[in-house]
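Quick notes on the structure that follows.
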Amino acid sequence: MGEPITAWDTEKYARWFPFDGVGIDTYYDQETQTLAAVAVDAHRGPQVSLDGVPLTGRLPSELEPWIEKTASTLDDPTLPEYVDGLRFGPRGEPFLLSLGLVLRCQQNGDHARSRPVFLAPQWAMHGQEWIEDLIPDREWLTY
(Lines give C-alpha, C1' and ligand atoms only; values in the text may rest on other atoms or scores of the structure.)
Protein backbone atom coordinates (compact mmCIF):
# COMPACT_ATOMS: atom_id res chain seq x y z
CA MET A 1 0.00 0.00 0.00
CA GLY A 2 2.97 2.21 -0.60
CA GLU A 3 4.36 2.61 2.93
CA PRO A 4 7.15 0.72 4.75
CA ILE A 5 6.32 -1.49 7.74
CA THR A 6 8.19 -0.22 10.80
CA ALA A 7 6.27 -0.76 14.07
CA TRP A 8 7.25 -3.91 15.99
CA ASP A 9 5.40 -5.00 19.11
CA THR A 10 8.24 -6.84 20.84
CA GLU A 11 5.98 -8.25 23.56
CA LYS A 12 3.73 -10.06 21.09
CA TYR A 13 4.16 -12.24 18.03
CA ALA A 14 3.26 -9.63 15.42
CA ARG A 15 4.20 -6.29 14.07
CA TRP A 16 1.63 -3.68 13.17
CA PHE A 17 1.35 -0.97 10.59
CA PRO A 18 -1.58 1.41 10.06
CA PHE A 19 -2.57 2.53 6.60
CA ASP A 20 -4.44 5.59 7.89
CA GLY A 21 -5.20 6.90 4.42
CA VAL A 22 -7.39 3.88 3.66
CA GLY A 23 -8.55 3.02 7.21
CA ILE A 24 -6.80 -0.33 7.53
CA ASP A 25 -4.48 -1.73 10.20
CA THR A 26 -2.26 -4.63 9.21
CA TYR A 27 -0.61 -7.19 11.49
CA TYR A 28 2.37 -9.28 10.41
CA ASP A 29 3.65 -12.57 11.76
CA GLN A 30 7.14 -11.91 13.13
CA GLU A 31 8.40 -15.41 12.43
CA THR A 32 7.36 -15.58 8.78
CA GLN A 33 7.20 -11.81 8.19
CA THR A 34 3.96 -12.32 6.28
CA LEU A 35 0.63 -10.55 6.51
CA ALA A 36 -1.45 -12.38 9.14
CA ALA A 37 -4.39 -10.08 9.95
CA VAL A 38 -6.18 -7.02 8.59
CA ALA A 39 -8.51 -4.82 10.64
CA VAL A 40 -10.89 -2.45 8.85
CA ASP A 41 -11.65 0.85 10.57
CA ALA A 42 -15.35 1.18 11.35
CA HIS A 43 -15.69 4.74 10.08
CA ARG A 44 -12.71 5.38 7.77
CA GLY A 45 -12.15 1.97 6.25
CA PRO A 46 -13.50 0.48 3.06
CA GLN A 47 -16.77 -1.42 3.08
CA VAL A 48 -16.05 -5.13 3.19
CA SER A 49 -18.75 -7.71 2.67
CA LEU A 50 -19.11 -11.46 2.91
CA ASP A 51 -21.84 -13.26 1.00
CA GLY A 52 -23.26 -9.85 0.07
CA VAL A 53 -23.54 -8.69 3.70
CA PRO A 54 -21.65 -5.45 4.50
CA LEU A 55 -19.46 -5.96 7.59
CA THR A 56 -17.82 -2.57 8.13
CA GLY A 57 -19.33 0.22 10.24
CA ARG A 58 -22.55 -1.61 11.10
CA LEU A 59 -24.38 -1.62 14.41
CA PRO A 60 -23.64 -4.95 16.14
CA SER A 61 -27.38 -5.66 16.44
CA GLU A 62 -27.70 -5.41 12.66
CA LEU A 63 -25.13 -8.17 12.19
CA GLU A 64 -26.38 -10.51 14.92
CA PRO A 65 -28.86 -12.44 12.70
CA TRP A 66 -26.21 -12.87 10.01
CA ILE A 67 -23.65 -14.06 12.56
CA GLU A 68 -26.04 -16.66 13.99
CA LYS A 69 -27.14 -17.88 10.56
CA THR A 70 -23.57 -18.08 9.26
CA ALA A 71 -22.31 -19.84 12.40
CA SER A 72 -25.00 -22.50 12.00
CA THR A 73 -23.56 -23.40 8.59
CA LEU A 74 -19.96 -23.77 9.79
CA ASP A 75 -20.15 -27.23 11.32
CA ASP A 76 -17.06 -28.96 9.95
CA PRO A 77 -15.99 -32.21 11.63
CA THR A 78 -12.50 -31.91 10.11
CA LEU A 79 -11.76 -28.76 12.13
CA PRO A 80 -10.74 -28.71 15.79
CA GLU A 81 -13.69 -27.94 18.09
CA TYR A 82 -12.06 -24.69 19.28
CA VAL A 83 -12.11 -23.33 15.69
CA ASP A 84 -15.49 -24.58 14.48
CA GLY A 85 -18.74 -22.60 14.78
CA LEU A 86 -19.31 -19.44 16.78
CA ARG A 87 -16.98 -18.50 19.63
CA PHE A 88 -16.75 -15.34 21.71
CA GLY A 89 -13.61 -13.48 22.73
CA PRO A 90 -12.94 -12.14 26.21
CA ARG A 91 -14.54 -8.79 25.29
CA GLY A 92 -17.64 -10.42 23.84
CA GLU A 93 -16.67 -10.12 20.20
CA PRO A 94 -17.89 -12.94 17.96
CA PHE A 95 -15.22 -15.15 16.40
CA LEU A 96 -15.96 -17.14 13.25
CA LEU A 97 -12.49 -18.63 13.11
CA SER A 98 -13.15 -21.14 10.34
CA LEU A 99 -13.86 -18.06 8.19
CA GLY A 100 -10.89 -16.18 9.66
CA LEU A 101 -13.19 -13.45 10.98
CA VAL A 102 -13.43 -11.58 14.28
CA LEU A 103 -16.16 -8.92 14.46
CA ARG A 104 -14.92 -6.30 16.87
CA CYS A 105 -16.60 -3.04 17.84
CA GLN A 106 -15.16 0.43 17.52
CA GLN A 107 -16.66 3.53 19.11
CA ASN A 108 -18.06 5.96 16.54
CA GLY A 109 -19.78 8.89 18.19
CA ASP A 110 -22.62 7.60 20.36
CA HIS A 111 -22.56 4.15 18.78
CA ALA A 112 -20.25 1.18 18.58
CA ARG A 113 -19.78 0.10 14.98
CA SER A 114 -18.44 -3.12 13.54
CA ARG A 115 -14.70 -3.38 12.91
CA PRO A 116 -13.99 -6.64 11.07
CA VAL A 117 -10.64 -8.28 11.63
CA PHE A 118 -9.65 -10.86 9.04
CA LEU A 119 -7.16 -13.54 10.06
CA ALA A 120 -4.86 -15.63 7.91
CA PRO A 121 -5.48 -19.37 8.37
CA GLN A 122 -2.23 -19.89 10.28
CA TRP A 123 -3.50 -17.52 12.99
CA ALA A 124 -7.18 -18.47 12.90
CA MET A 125 -6.36 -22.14 13.48
CA HIS A 126 -4.67 -21.31 16.78
CA GLY A 127 -8.12 -20.77 18.33
CA GLN A 128 -9.66 -17.93 20.26
CA GLU A 129 -7.36 -18.17 23.29
CA TRP A 130 -4.33 -17.44 21.11
CA ILE A 131 -5.81 -14.65 19.00
CA GLU A 132 -5.26 -12.04 21.72
CA ASP A 133 -1.66 -13.14 22.08
CA LEU A 134 -0.99 -13.11 18.35
CA ILE A 135 -2.45 -9.66 17.63
CA PRO A 136 -0.67 -6.75 19.37
CA ASP A 137 -2.30 -5.02 22.33
CA ARG A 138 -2.82 -1.93 20.21
CA GLU A 139 -5.79 -3.60 18.49
CA TRP A 140 -7.41 -4.76 21.72
CA LEU A 141 -6.79 -1.65 23.81
CA THR A 142 -7.36 1.11 21.25
CA TYR A 143 -10.70 -0.01 19.84
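Counting only protein chains, not ligands or nucleic acids, how are Tyr82, Tyr27 ordered by accessible area (probe 1.4 Å), most first?
Tyr82, Tyr27
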Completion exercise
When every protein chain stays in place and a 1.4 Å probe is rolled, Asp51, Asp133 sorted by accessible area with the largest first are Asp51, Asp133
Problem - Phe19, Phe118, Phe88, reordered so the largest accessible area comes first (probe 1.4 Å) - result: Phe88, Phe118, Phe19
Problem - Virtual spin-label span in nm between Phe88 and Gln30, 7 Å along Cα→Cβ - result: 3.2
Completion exercise
So Thr142 and Ile67, fully extended at 0.36 nm per residue minus their Cα-Cα distance, gain in nm 24.6 nm
Problem - Area accessible to solvent at Trp130, 1.4 Å probe radius, in Å² - result: 110
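Scan region 81-143 for GluC sites (Glu not before Pro) in coil per DSSP, keeping those whose Cβ has at most 14 other Cβ atoms within 10 Å, and list them by number.
Loop-located and lightly packed - Glu81.
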Practice task
Enter the accessible area per residue of region 37-143 (Å², integer; probe 1.4 Å; all protein chains in place).
Solution key: 50
Practice task
Using the Cα centre as the reference, give the magnitude of the dipole from point charges on the C-beta atoms of region 88-143 (Lys, Arg: +1; Asp, Glu: -1; all else neutral), rounded to the nearest 20 debye.
Solution key: 200
Exercise for the section: Rounded to the nearest 0.05, what FRET efficiency do Gln122 and Leu59 give with R0 = 25 Å and r taken as the Cβ-Cβ distance? Could you check? Expected result: 0.20
Exercise for the section: Could you point to the residue in Ala71, Pro90, Ser49 farthest towards the positive end of the chain's charge dipole, with +1 and -1 charges on the Cβ of Lys/Arg and Asp/Glu respectively? Expected result: Ser49
Exercise for the section: Take the solvent-accessible surface of the protein heavy atoms, probe 1.4 Å, and return the percent of it on the chain that carbon and sulfur atoms account for. Expected result: 53
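The values are calculated or read from the model by the stated rules, or taken from the named source; none is laboratory data. This structure is a prediction, so every number in the text was calculated from the model and none was measured. Cβ atoms come from the backbone with ideal geometry, glycine included; neighbour counts cover every protein chain shown. Calculation scope for accessible area: heavy atoms of the full protein, side chains included, ligands and nucleic acids excluded. Shrake-Rupley method; radii C 1.70, N 1.55, O 1.52, S 1.80 Å.
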